[in-house]
Amino acid sequence: MSRQISSLLAIAAVCVTLAPAPAFAQTPKKAPVDCAEVKCLALTFDDGPGQYAGTLLDTLKKYDAKATFFLEGQYVNSRPAFVKRMAAEGHELGNHSYSHPDFTKSEAATIRTEIQKTQDAVKKAAGVEPKLLRPPYGLADLQVSEIAASFDMPMILWTAGSEDWKTKNVEAIQKKTLEVAQPNGIILMHDWVKQTVDGMPSLIKTLQKKGYHLVTVSEVLKGENANLQPGDTFPVPAGWER
Ligand SMILES: [Zn+2]
């Protein structure tokens with residue numbers, strides 16, 4: 001580089017340093033949350049996008065909360081706009097099969113097709129491919145694990161459920177979730193349960209008041225230093241060996 005250009009660059013650098021920050025640059029760029037240091041919680045929504053996903057996304061945006069959606073391919077295809085919005089708004093997308101069969105009772109070819117069709121549907125809707133698999137009902141065996149590995153995906157279960165699909169009651173869902181919330185927990189919920197979505201604003205407010213940062217599953221995995229390999233399961237179910 002010529003000396004002249006170097007000094008011009010040096011001057012430019014000084015000018016940049018001295019220039020006052022423009023008025024529009026007031027929103028500070030948020031520092032990433034470190035879940036090894038702060039209290040994090042991952043809310044996960046299965047079987048969607050459900051019919052209330054739009055309202056849920058509005059709420060998550062309002063409270064600056066991130067979530068993880070384990071999507072069912074058939075609904076990705078029928079409600080692609082929600083999936084596109086999920087990705088655009090910083091949520092994590094996971095694969096939850098195409099039509100929700102029990103993988104432990106399925107042929108290998110069926111499992112592969114179920115996973116691949118959902119990868120394709122999400123890619124088409126949002127331009128990204130899921131990197132996490134949650135098998136339907138959280139059920140997996142060695143065959144499922146091997147197939148997950150061939151897709152380069154670990155399997156993500158949950159530390160606790162909100163039992164929203166069972167109670168379908170706003171207060172019960174909130175109570176259960178607050179009861180089972182723990183640092184770096186992964187909570188199972190559903191965006192097709194209206195009461196879950198209805199109760200979300202006050203649930204998020206309470207969780208945030210308790211110091212929780214609502215983050216994606218991948219952020220929790222980083223905080224746990226989980227270092228999952230394809231085919232691994234997290235959290236490891238009781239009685240399993242890793
Ligand atoms: Zn499910």
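The values are calculated or read from the model by the stated rules, or taken from the named source; none is laboratory data. Here the structure is a predicted model, which is why all the values come from computation and not from measurement. Methodologically, a virtual Cβ is constructed for each residue, glycine included, from the backbone with ideal geometry; neighbour enumeration extends over all protein chains shown.
Here are a few things to note about the model shown:
- Sole exception among (1) small (Gly, Ala, Ser); (2) within 18 Å of the chain's Cα centre (by Cα); (3) within 22 Å of residue 38 (Cα to Cα) for residue 162, by number: (3)
- When residues in region 201-234 are screened for being over 25 Å from residue 112 (Cα atoms) and outside any helix (DSSP H, G or I), 10 of them pass.
- Enumeration of residues in region 26-68 that are closer than 17 Å to residue 99 by Cβ and in contact with an Asp or Glu (Cβ under 7 Å, 6 or more places away or on another chain): 47, 48, 49, 50
- Test: residue in region 62-73 that is farther than 26 Å from residue 159 by Cβ and within 16 Å of the ligand (Cβ to nearest atom): no
- Set side by side, the residues 147, 111 differ, and just one is within 16 Å of the ligand (Cβ to nearest atom), farther than 30 Å from residue 201 by Cβ and in a helix (DSSP H, G or I), which is 111.
- Taking residues in region 139-151 that are in contact (Cβ under 8 Å) with a residue 12 or more places away in the chain, and partners anywhere that are outside any helix (DSSP H, G or I) and exposed (fewer than 14 other Cβ atoms within 10 Å of the Cβ), the pairs with Cβ atoms closer than 9 Å and at least 6 places apart or on different chains are 139/102; 149/229.
- Residue check, residue 47 on the phi > 0 side of the Ramachandran plot, within 16 Å of the ligand (Cβ to nearest atom) and either modelled with pLDDT of 95 or more or of a type in the set (S, T, N, Q) (or both): yes
- Note on region 74-103: residues that are away from the ligand (no atom under 14 Å from the Cβ), among the polar types (S, T, N, Q) and surrounded by fewer than 16 Cβ atoms within 10 Å (Cβ to Cβ) total 1.
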